[in-house]
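The values are calculated or read from the model by the stated rules, or taken from the named source; none is laboratory data. It should be emphasised that the depicted structure is a prediction, and the values quoted were computed from it without experimental measurement. SASA here: full protein model, heavy atoms, side chains in, ligands and nucleic acids out. Shrake-Rupley method; radii C 1.70, N 1.55, O 1.52, S 1.80 Å.
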Amino acid sequence: MSKLEDNVNEILGIEKKEEKFSMAEFEQPAPVPRKIDESKDDIDNDYVNSRDNYYNLIDKGNEAIEGILDIAKEGQHPRAYEGAGQLIGQVAQTVDKLQDLQKKLKDLKELPKSANTNIKNALFVGSTNELQKMLNRKDDEVIEGTETGTKQDNTWNR
């Protein structure tokens, strides 16, 4: 403390308090390493990691809400309540993101099952002669070295 603060404390009869801070109070816990299950594919591993991160954000957000509500109650300041409201909204958005994550995973898992394998519109590219042969089932042998609708030797197949 400065000399001025010491003089004021002496006049007012306030005892000098020695505050000792230990670094152990302010140290953050070591981050938890990601768990990667080699038996699962990337989609499942990403889902598990994202889900864990969202739950951690929700837990920390709830702790922050409790702290800021305590501050708002003590100070009765509208700005503190506004900050608490914004924080509550952000935690609610994180919960929505967690639900969206589950929906996206469900959609990814169902995609191969729900894919339509029927061909509804097919386009034939070729000459009318080739089409007639195909329709009459006379086209038993494949024309060697040519593909229908491709350009070879700077000329179109006819």
Scanning segment 41-71 residue by residue, the ones that are open to solvent by less than 90 Å² (accessible area, probe 1.4 Å) and of a type in the set (Lys, Arg) total 1
For segment 72-108, the count of residues that are open to solvent by 100 Å² or more (accessible area, probe 1.4 Å), closer than 27 Å to Asn53 by Cα and either at pLDDT below 90 or under 14 Å from the mean Cα position of the chain (by Cα) (or both) equals 6
